[in-house]
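The values are calculated or read from the model by the stated rules, or taken from the named source; none is laboratory data. These numbers come from a predicted model, not from an experiment. Cβ atoms come from the backbone with ideal geometry, glycine included; neighbour counts cover every protein chain shown. In case anyone asks, the SASA skips ligands and DNA or RNA and just uses the protein heavy atoms, side chains included. Shrake-Rupley method; radii C 1.70, N 1.55, O 1.52, S 1.80 Å.
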Amino acid sequence: MAGPLELGGPSYVSRRYFLKAGAALGGGLMIGWHPQQGAAADAQPFSPNAFLRIDRAGKVTFVCPAVEMGQGTYTSLPMLAAEELDVALDQISVEPSPPSDKLYGNPAVFNAQITGGSMSVHGFFKPLREAGAAARQMLMSAAAARLKVDIAELQTEPGAVVHAKSGTRLAYGALVDDAAKLPVPTGVALKDPANFRIIGTPAKRLDVAGKIDGTAVYGIDVKVPGMKVATVAASPVFGGKLASLDEAAALAVPGVRQIAKIDNAVAVIADHYWAARKGLEAARPKFDDGPHGGLSTSDVVAALAKAATERKGAVAERKGDADAAMANAEVKLDSTYENPFLAHATMEPMNCTVHVTPDGCDIWVGTQIPSIAQSVVSKALDLPLEKVRVHNHLLGGGFGRRLEFDFILQAALFAKQVKDPIKVIWSREEDIQHDMYRPYYYDRISAGLDGKGNILAWKHRIVGSAIVARFAPSAYKDDLDSDAVDGAIDLNYDLPNTYVDYVREEPFAIPTAFWRGVGPTRSAFVVEGFIDELAAAVNTDPVEFRRRLLVKSPRALHVLERAAALSGWGTPLGPRKGRGISVMKAMGSYIAQVAEVTVAPNGEVHVDRVVVAVDCGLAVNPDTIVAQMQSGIIFGITAVLWGEITIKNGRVEQSNFDDYRIVRLNEAPKIEVEIVKSNDEPSGIGEPGTCALAPAVVNAVYAATGVRVRKLPLKAALPGAS
């Protein structure tokens, strides 16, 4: 790491960049969503914040402010602009945005150019519609001037301005030069949702064709003239250093060209990957373990448990008097829940292509943080910001892993030692054993109930790493990590007396990072698992118990009831089968899941079916929402059944998909998704499906076996499971 990051910094892309880009297109129109005072088009057509370009042929280019990593932003975000601009989706081509917080910062994510937190559609819902509406208004104004008619006599159809009285139709491409001379309008009215023609329809993904025919370019696909390929071995122990290697043996391997070293890693540079891999094997690098050579998972858990009992926590939520209410409770429960370290295991392993020259540095990569990557490399190589050029590409999975810059910085430090461009590719083993992991969390939770089964007191202590403190230090205040407590405070449930606090305990030198679903994946497992415990303690059906607690949260209550109804809740299942439910709010969306499981006599769990009801506000692209629910559930099943990173002698024990398992095709459940109709603004959808899965599954396991699971993964929690 190169120190903490501060987000929302200066603009990294000049107006000159966009003027040159427009000129390269042979003339055209460039639109930004942020209102600007009028300016002569031949000086500065539209600046800043350019999202749209329209050329004289009528081709619309959408500069996407968020990256595409399978979640559908290259379709859902263009839909927002296309709706107001009035063009068909098949008239739009999409390209990634260059680094710039000022131009492409997400208002919902620190105003930074970050794709994360399931905030792409939510954050850009209004700005991109404004961009499209402004462009349409200017094209109509240009048409009105040309036809010498009042603009009120004009309307648009996809790609053209139409004057019904005269039967004249002017294609957008024929109007761009005139439109570019007009001032940028402010306060343009947006469409009434009742008139949407694109938003809310199941649109086909714009990125699919390239992925099918092989023309799509991921970071790992990049080819640069003169490029060499490198692979890496870093210290297997957290905090260890490179001690020695056999450079002569590595250089003797045919195709190996050079060795590059940094303090904790070595790279072998070759003509192709296989030569680099064989050269690295021949080099036999040795490392000094440093102070953490004896570290184990048990050490981490012991430190967390000690912190949970001996340390004072930062108060995240206090309502009423939980201690007094607990003292008067007739029924009291106290439980401890544990979530293990998890790797991201993206299908595309970490890779980055870098060329350092006297003129600067070019980086070809797939990253969720292009502006941060630019800034970090600029500082590390002591280059002016504008001399670091980031070319972003499709991501073969992110899940939070590509919110980090460690692999980019490492590649840049190696490339500084090499004349040619180098593509650095981590092996799968290097990827899993040098990930930045979802933290190990240790939660103590207790509640008190009266004789009628009503919750009187609720206390919850969360102990774990503070990711926000590292990622965005300015957002870490009063010793409270907002991510760690997300999903544990402001619950949907009506709880009269609550006390939630957080104790920061960093896991020695083990690096931690955001993981798909972030804080709510941990908190949902704890909160929804414990709610089921309370329901069982007072002999109440889990759905009915939740229903009584959700009277003040109608959206949560509605998804609970829909999921229960769709699943056939209460109807009998076979032996060793069970249903479990969870309901939560995450990333602004309300979601309920019912999981049906079968538990084999040896303890192995199979998830047979998952039913989902989701209220994520206005559904921009229903197909994407269903796909994200399916994807999140599969990702969550992988974690709840098998996901676990363990440490022994300072080393990660898992290394590949044989011992860090993912769900196989024949193990996938039937997934049914109902999208609740809503007129609220869109909320996050990429992660909530993962968040709600674990508690639904463990609650189903309890229904099937009577075994209560409070520590994940299930493979280690059930008798006889393997």
Separation between Cα centres of the range 409-462 and the range 260-282, rounded to whole Å: 28
Beta bridge orientation in the range 429-527: antiparallel %, DSSP, nearest 5: 55
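Could you calculate the FRET efficiency of Glu604 with Ala249 from 1/(1 + (r/R0)^6), where r is the beta carbon distance between them and R0 is 45 Å, rounded to 0.05?
Calculated transfer efficiency: 0.50.
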The chain: relative contact order in percent, alpha carbon pairs under 8 Å with at least 6 residues between: 14
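Would you calculate a helix-derived [θ] at 222 nm for the chain, using -39,500 (n - 2.57) for each DSSP H run of n ≥ 4 and dividing by the full residue count, to the nearest 500?
The helix-only estimate for the chain comes to -9000 deg cm²/dmol at 222 nm.
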For Ala307, net neighbour charge (Lys/Arg +1, Asp/Glu -1) across residues whose Cβ lies under 11 Å away: +3
Alpha-carbon centroid distance for the pair the range 685-722 / the range 59-92, whole angstrom: 38
Computed over the range 212-268: relative contact order in percent, which uses C-alpha pairs under 8 Å that are six or more apart: 36
Normalised contact order of the range 377-479, rounded percent, pairs of Cα under 8 Å and 6 or more residues apart: 16
The range 660-674 - phi-based ³J(HN,Hα) in whole Hz, Karplus 6.51/-1.76/1.60, Gly and Pro as x: 10, 6, 10, 5, 8, 4, 6, 9, 6, x, 6, 10, 10, 10, 10
Of Gly650, Tyr442, Thr705, farthest towards positive along the dipole that unit charges on Lys, Arg, Asp, Glu beta carbons give the chain: Gly650
Cα centroid separation - the range 164-188 against the range 624-652, whole Å: 50
Net +/- balance of residues flanking Pro254 in space, Cβ distance below 13 Å, scoring K and R +1, D and E -1: +2
Convex hull volume per residue for the range 141-285, taking Cα atoms only, in Å³: 275
Anchor Lys477: lysines whose Cα lies under 21 Å away (excluding residues fewer than 8 positions away in-chain): Lys312, Lys319
GluC sites (Glu not before Pro) within the range 303-412: DSSP coil, no more than 15 neighbouring Cβ in 10 Å: Glu330
Apportionment of accessible area to carbon and sulfur, the chain, percent (1.4 Å): 52
Surface accessible to a 1.4 Å probe, per residue, for the residues of the range 416-511, Å²: 33
Derived scalar couplings ³J(HN,Hα) [the range 509-520; Karplus, 6.51 cos²θ - 1.76 cosθ + 1.60; whole Hz; x for Gly, Pro]: 9, 6, x, 10, 7, 5, 9, 3, x, 6, x, x
Only Lys, Arg (+1) and Asp, Glu (-1) charged, at Cβ; the chain dipole about Cα centre in debye: 680
Over 21 Å between alpha carbons, listed pairs Lys59/Lys148; Lys452/Lys585; Lys126/Lys677; Lys670/Lys711; Lys228/Lys261: Lys59/Lys148; Lys452/Lys585; Lys670/Lys711
Residue-by-residue Karplus 3J(HN,Hα) for the range 617-626, coefficients 6.51, -1.76, 1.60, Hz, glycine and proline x: x, 4, 7, 5, 10, x, 4, 5, 5, 4
Candidate lysines for bridging to Lys223, where Cα separation is under 18 Å - those fewer than 8 sequence places away on the same chain excluded: Lys211, Lys419, Lys423
Residue-normalised accessible area of the range 83-164, expressed per residue, 1.4 Å probe, Å²: 34
Solvent-accessible heavy-atom area per residue, rounded to whole Å², over the range 308-363 at 1.4 Å: 46
Pairwise FRET efficiency - Glu506 versus Lys379, Cβ, R0 = 22 Å, nearest 0.05: 0.40
Long-range HN-HN contacts of Ala316 with modeled amide H, under 5 Å: Val500, Asp501, Tyr502
Net charge of Cβ neighbours under 14 Å - reference Val208; Lys, Arg +1; Asp, Glu -1: -2
5 angstrom amide H check on Leu394, placed H, neighbours 5+ away: Val217, Gly219
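Take every Cα-Cα pair in the range 497-587 and report what % of them are more than 19 Å apart. Walk me through the numbers before you get to the answer.
Numbers: 2241 of 4095 pairs.
For the range 497-587, the fraction of Cα-Cα distances above 19 Å is 55 percent.
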